[in-house]
1. Quick one: 3J(HN,Hα) in Hz for the range 113-125, Karplus 6.51/-1.76/1.60 with θ = phi - 60°, rounded, Gly and Pro as x.
2. Using θ = phi - 60° and the Karplus curve 6.51 cos²θ - 1.76 cosθ + 1.60, what whole-Hz ³J(HN,Hα) does each residue of the range 34-43 get, with Gly and Pro shown as x?
3. Give me the distance between the Cα centres of the range 6-47 and the range 173-194, rounded to whole Å.
4. Binned at 10 Å from 0, what are the whole-percent values of the Cα-Cα distance distribution for the chain, short to long?
5. If you fit an axis through the alpha-carbon atoms of helix 191-206 and take the longest principal axis of the Cα set of the chain, what angle between them do you get, 0 to 90°, nearest 10?
6. Could you identify which residue out of Pro66, Pro173, Pro38 has the top mean-square fluctuation in a GNM of the chain using Cα springs shorter than 10 Å?
7. Quick check: from the Cα gyration tensor, does the range 108-185 come out rounded (a/c under 1.5), prolate or oblate?
8. Pairs to check: Lys48/Lys112; Lys102/Lys146; Lys94/Lys201; Lys22/Lys124; Lys146/Lys201. Give those whose C-alpha atoms are more than 24 Å from each other in this structure.
Amino acid sequence: MELAHSLLLNEEIYSHLGEVQKAEFIFEWLRYLEKLLPATSRADIREKQNKLIEQLTSLLTSSPGPPARQLIAKNLTIIYSSGDTFSVHQTIDKCNELIRSKDDSPSYLPTKLAAVVCLGYLYKKLGRILSNSFVDTIGNVLKAMKNAESQGRYEIMLSLQNILKGLGVAAVPCHRDIYKAARSCLTDRSMAVRCAAAKVKYPIVSGN
């Protein structure tokens with residue numbers, strides 16, 4: 001898997017792999033990228049940023065599993081934190097578009113969840129510069145919860161935690177809607193959802 005150890009995904013090698021090998025290759029690249037990016041100079045990241053963002057966002061629609069979607073979100077956040085933020089709003093729009101999709105098939109769920117995770121990570125780190133778009137994003141995420149299974153509700157609660165942390169007091173206009181959603185999840189059959197909901201609700205109630 002050393003062939004996956006590069007700043008940019010080696011698309012030529014990737015294209016010649018079988019489906020199982022492709023998934024392994026992508027995951028290895030994402031893991032390597034998470035370690036490489038913090039040690040890469042800002043200038044080098046900026047030079048490759050457009051292509052990196054393109055490659056990472058394209059993976060959102062590849063039905064990534066939980067570890068992969070976390071890595072996609074982390075790497076996108078590192079790139080925008082270390083490089084330029086000029087296209088971050090386009091990435092936010094892309095994630096919102098994927099969440100708004102009316103495709104409720106099981107095969108599309110990983111894509112929707114990956115978009116939810118990415119929004120959480122991006123707002124947590126870059127909340128101050130994303131304050132103009134958060135109302136639409138939060139509304140979109142909350143709307144997605146209506147038809148979500150327990151896994152989706154869990155990821156949405158985690159994402160809302162991160163969004164609240166990143167926005168701070170700027171999120172106050174949405175506190176009421178977020179509180180209602182979190183309160184409804186406190187009686188969820190899944191303990192993971194209940195715990196995540198409590199962590200969303202507490203800072204709103206306490207004012208922290």
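The values are calculated or read from the model by the stated rules, or taken from the named source; none is laboratory data. Source: prediction; values computed, not measured. Please note: Cβ atoms are built from the backbone with ideal geometry, for glycine as well, and neighbour counts cover all protein chains shown. Accessible surface is based on the protein model in full, side chains and every heavy atom, while ligands, DNA and RNA are left aside. Shrake-Rupley method; radii C 1.70, N 1.55, O 1.52, S 1.80 Å.
1. 5, 4, 5, 4, 4, 4, 4, x, 5, 5, 5, 4, 8
2. My calculation for the range 34-43 gives 4, 7, 6, 4, x, 9, 8, 5, 4, 5 Hz in order.
3. Distance between centres, Cα-based: 36 Å.
4. 8, 35, 34, 18, 4, 0
5. It is inclined by approximately 60 degrees.
6. Of Pro66, Pro173, Pro38, the Gaussian network model singles out Pro173 as fluctuating most.
7. Details: a/c = 1.98, a/b = 1.32, b/c = 1.50.
Oblate, since a/c reaches 1.5 and b/c is not below a/b.
8. On the way: Lys48/Lys112 26 Å; Lys102/Lys146 12 Å; Lys94/Lys201 28 Å; Lys22/Lys124 30 Å; Lys146/Lys201 18 Å.
From Lys48/Lys112; Lys102/Lys146; Lys94/Lys201; Lys22/Lys124; Lys146/Lys201, over 24 Å: Lys48/Lys112; Lys94/Lys201; Lys22/Lys124.
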